[in-house]
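Undergrad: This is the structure, below, for whatever I ask next.
The values are calculated or read from the model by the stated rules, or taken from the named source; none is laboratory data. Quick caveat: nothing in here was measured; it's all calculated off a predicted structure. Positions of Cβ are backbone-derived with ideal geometry, glycine not excepted, and every protein chain shown enters the neighbour counts.
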Amino acid sequence: MVRIEKVKPEGEILETLLKLSEDWTREGITHGYIPNKPEDVTEPCLVARIDGEIAGYAFGHYYNKETRNSFIEPGVRCFELDELYVVPEHRSAGVGALLFRAMEEEVRDAEFMTLNAATKDWRKILGFYADKMDMVFHSAHMIKPLGKK
């Protein structure tokens, strides 16, 4: 059974989250991902526990939109989901969805939840966030290496 908890990112919990961030880096599944430093892990912060062990986490921060885009006007309060990570052995079991939905409930002082993803498996991440979590696809930043220096 998965239990979602709101936590303060400090002490033993912070150390575990930093270790999981290092694991994420070693997986090589995200373009340019580097391990978190303690100051990178913000609140609100949620963890998913299975049998007492942290199986995933999510955290983010609030901000006021500075420039207009096709959805959000300047000055609107938003919440950026900075990271949502599930350990490999618990993926595709609903842990990420539980973390995301719990974060939605946690975020009360924002009109929009936003995120940027740099995954190497964009089909999977787009299917998760757009199809399952009801996010709206807004834009894509595409890169093609040309092999030139």
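Undergrad: Within region 65-99, take every residue that is part of a helix (DSSP H, G or I) and touching a strand residue (DSSP E or B) at 6+ places or on another chain (Cβ under 6 Å) and give me the one that is farthest from I34 (Cα to Cα).
TA: Among residues in region 65-99 that are part of a helix (DSSP H, G or I) and touching a strand residue (DSSP E or B) at 6+ places or on another chain (Cβ under 6 Å), the one farthest from I34 (Cα to Cα) is L98.
Undergrad: Surrounded by fewer than 13 Cβ atoms within 10 Å (Cβ to Cβ), more than 16 Å from the chain's Cα centre (by Cα) and either modelled with pLDDT of 95 or more or not in a strand (DSSP E or B) (or both), is that true of R49?
TA: For R49, the condition - surrounded by fewer than 13 Cβ atoms within 10 Å (Cβ to Cβ), more than 16 Å from the chain's Cα centre (by Cα) and either modelled with pLDDT of 95 or more or not in a strand (DSSP E or B) (or both) - is not met.
Undergrad: Next up: In region 53-98, which residues are crowded, with 16+ Cβ neighbours inside 10 Å and among the β-branched types (V, I, T)?
TA: I54, I72, V86, V87, V95
Undergrad: Look through region 100-115, keep the residues that are assigned to a loop (DSSP other than H, G, I, E, B) and in contact (Cβ under 8 Å) with a residue 12 or more places away in the chain, and return whichever of them is surrounded by the most Cβ atoms within 10 Å (Cβ to Cβ).
TA: So the residue we want is V107.
Undergrad: Please enumerate the residues belonging to region 101-149 that are under 22 Å from T25 (Cβ atoms), in contact with a helix residue (DSSP H, G or I) (Cβ under 9 Å, 6 or more places away or on another chain) and not aliphatic (A, V, I, L, M).
TA: Matches in region 101-149: T119, F128, Y129.
Undergrad: Of the numbered conditions (1) under 21 Å from A102 (Cβ atoms); (2) loosely packed, with under 12 Cβ neighbours inside 10 Å, H31 satisfies every one except a single condition; which is it?
TA: Going through the list (1) under 21 Å from A102 (Cβ atoms); (2) loosely packed, with under 12 Cβ neighbours inside 10 Å, H31 breaks only (1).
Undergrad: Residues in region 133-141: is at least one exposed (fewer than 11 other Cβ atoms within 10 Å of the Cβ), in contact (Cβ under 8 Å) with a residue 40 or more places away in the chain and of a type in the set (A, V, I, L, M, F, W, C)?
TA: The answer is yes; a qualifying residue exists.
Undergrad: Does any residue in region 67-78 that is in contact (Cβ under 8 Å) with a residue 24 or more places away in the chain come within less than 8 Å, Cβ to Cβ, of a residue that is loosely packed, with under 11 Cβ neighbours inside 10 Å and β-branched (V, I, T) six or more places away or on a different chain, and which pairs are these?
TA: F71/V136
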